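Reviewing the structure listed below.
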Amino acid sequence: MDVAGVTVPHADEVFVAGEWVPADGEYRIVSPSTGRPVATVGLPSVKHAQAAVEAARTDGLASWAEMPVAGRVEICARFCAAMEARLDDMGTVWAVESGMPVRYSRTLHRFAAVGAWRTLLDSAEDILRDTVRGSALGDVVVRREPAGVVAAIMAYNGPLVTMASKALPALLAGCPVVVKAAVESQLIMRIIAECAAGAGFPAGALSILCGDVEIGRELSANPHVDMVSLTGGRAAAQQIIESTRHRFARTHLELGGKSPALILDDADLTVVLKTLVPGATSGAGQICAALSRILVPERRHDEVVELLRQAWEGLRIGDPLDPRTQIGPVAAPSVVERAEGFVARAVADGARVVAGGRRPAGFDAGWYFEPTLVTDVARDSDLARNEVFGPVTAVLTYRDDEDGLRLANDTSYGLAASVYTADRDKGVAYARRIRAGSVAVNAFGPALTAPFGGMKGSGWGREAGPEGICEFTELKQILLGPSGGTGSAG
């Protein structure tokens, strides 16, 4: 199948346990840019999910989990090299099916995904090497063993990055992985699966299913899945917790955020804008770590808002396949409706729209919404407290730095944040006091060469970075008694 000049393999098949098998249903891909169908592909069924788990439990645990770490690294390196060779193709088809601009995907894929998996490949053997400690009872070998079969459930807004930060660490740890990608990620995940098929994974080590919610429910409830790792929303997380608690399966949850950009009184706004604008607007706000709350000192409000207004209105809206486009369409009509609802409620509560706030003129087809900046936002309002996951950013004011810090932490989320200040030491001091898993000083993060995850309602556990491999392992101690003896018990 050819889409926008890119050959997409196995349109009517599903990648189960390293093999392409016939699909059980059909899915029509509709372009967010035009609202028109672009392709029809096959869908997995619950039976495919069950077969993937069974293959992981039998063949995968026997072959992949028992393989020496160096062997796993070698195969994963081939997989990653194949994906690197097809970054441009993946960016193109992702733009077609999700609306994410190729300009954005080039940055995200080359700097986030590639950096993440190269760090993992370089560090896996050291992270997973046995260590020996002394004790009063004898030497103790401390080792990390695979956590077992992993279900990796992913969102539509960054499938390649999530493969790098979630699926790759689990694979390197020795876990057979069943990926449940978003149903909106059909094209890019088929290219990823083709790269996996040529890498030499043993049977059962990796399956990739792009399906509806019932696939995720089956994986979460399956008694042979030892760990579920989710990137998604709170409702899905609650369902996973309910499905796994009876068998005490492990969970890792990354649940989005309402991330603050705390602009301190001494901040240089030319420095601020360089990273705050893309940090708040990239992906049309459909980014879990997006800086969706901008916190400004009362005395600098007008100055900051005017510069932000100019920046927001200067963003280029257009076809995501055009390399000049900065803001493409959102992924679905429901995202437009959600953004409209947040804006309407904010205005009803006394807020003021200073940029955007509507569907852009000249874009009658597709699912476009202008990048929107709203000020005079009340601290207890819907827009201040809840995740839009769309192109709407709130501006809130604070009295002094301590009040700004309280406001930054005044959220049920805790995924990411940024602090802007002329004094880096002060910025680091404030970063330490913000309850979020990732805080950037005069920058926008996170860096996926280091562990990333949430606090509070943004979930638990960490992925990416060398420590992300550890998330998918169980620690075991082996106490060594006298050589040739019977050992001892406490």
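Overview of values
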quantity	calculated
Complete set of residues in segment 351-383 that are open to solvent by less than 50 Å² (accessible area, probe 1.4 Å) and more than 26 Å from R316 (Cα to Cα)	A378, S381, D382
Residue match in segment 361-372 (condition: β-branched (V, I, T) and more than 24 Å from I327 (Cα to Cα))	no
Within segment 362-393, considering residues that are among the acidic types (D, E) and out of contact with any Lys or Arg (no Cβ under 7 Å at 6 or more places or on another chain), the one modelled with the lowest pLDDT	D364
Criterion: under 23 Å from V178 (Cα atoms), open to solvent by 20 Å² or more (accessible area, probe 1.4 Å) and out of contact with any helix residue (DSSP H, G or I) (no Cβ under 7 Å at 6 or more places or on another chain) - qualifying residue of E74, E84	E74
Qualifying residue in segment 291-308 (condition: within 25 Å of L108 (Cα to Cα), in a helix (DSSP H, G or I), out of contact with any helix residue (DSSP H, G or I) (no Cβ under 7 Å at 6 or more places or on another chain) and open to solvent by 20 Å² or more (accessible area, probe 1.4 Å))	no
Failed criterion for A450 (all others in (1) in contact (Cβ under 8 Å) with a residue 40 or more places away in the chain; (2) under 30 Å from V132 (Cα atoms) hold)	(1)
Exclusive hit being of a type in the set (K, R) and closer than 30 Å to Q477 by Cα, set K166, K180	K166
Test set (1) of a type outside the set (S, T, Y); (2) part of a helix (DSSP H, G or I); (3) under 26 Å from G232 (Cβ atoms) - E387 fails condition number	(2)
Boolean, A124 is of a type in the set (A, V, I, L, M) and open to solvent by 30 Å² or more (accessible area, probe 1.4 Å)	no
Leading residue by the ranking (nearest to the chain's Cα centre (by Cα)) among those in segment 249-274 that are within 21 Å of Y398 (Cα to Cα) and open to solvent by 10 Å² or more (accessible area, probe 1.4 Å)	L273
Lone qualifier among A443, A450 - being farther than 16 Å from A261 by Cβ and surrounded by fewer than 18 Cβ atoms within 10 Å (Cβ to Cβ)	A450
Exclusive hit being open to solvent by less than 50 Å² (accessible area, probe 1.4 Å), closer than 30 Å to L480 by Cβ and among the hydrophobic types (A, V, I, L, M, F, W, C), set V132, V142	V142
Enumerated strands (runs of 3 or more DSSP E) restricted to segment 1-70, each holding at least 3 residues that are open to solvent by 20 Å² or more (accessible area, probe 1.4 Å) and either without any contact (Cβ under 8 Å) to a residue 60 or more places away in the chain or of a type in the set (D, E) (or both)	19-22, 25-30, 37-43
Test: residue in segment 26-34 that is acidic (D, E) and touching a helix residue (DSSP H, G or I) at 6+ places or on another chain (Cβ under 9 Å)	no
Sole residue being surrounded by fewer than 24 Cβ atoms within 10 Å (Cβ to Cβ) and within 17 Å of the chain's Cα centre (by Cα), chosen from G233, G216	G233
V149 under 24 Å from K180 (Cα atoms) and in contact (Cβ under 8 Å) with a residue 24 or more places away in the chain	yes
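The values are calculated or read from the model by the stated rules, or taken from the named source; none is laboratory data. All values derive from a computational prediction rather than experimental measurement. Neighbour counts run over all protein chains shown; Cβ positions are idealised from the backbone, glycine included. For accessibility, only protein heavy atoms count, side chains too; no ligands or nucleic acids. Shrake-Rupley method; radii C 1.70, N 1.55, O 1.52, S 1.80 Å.
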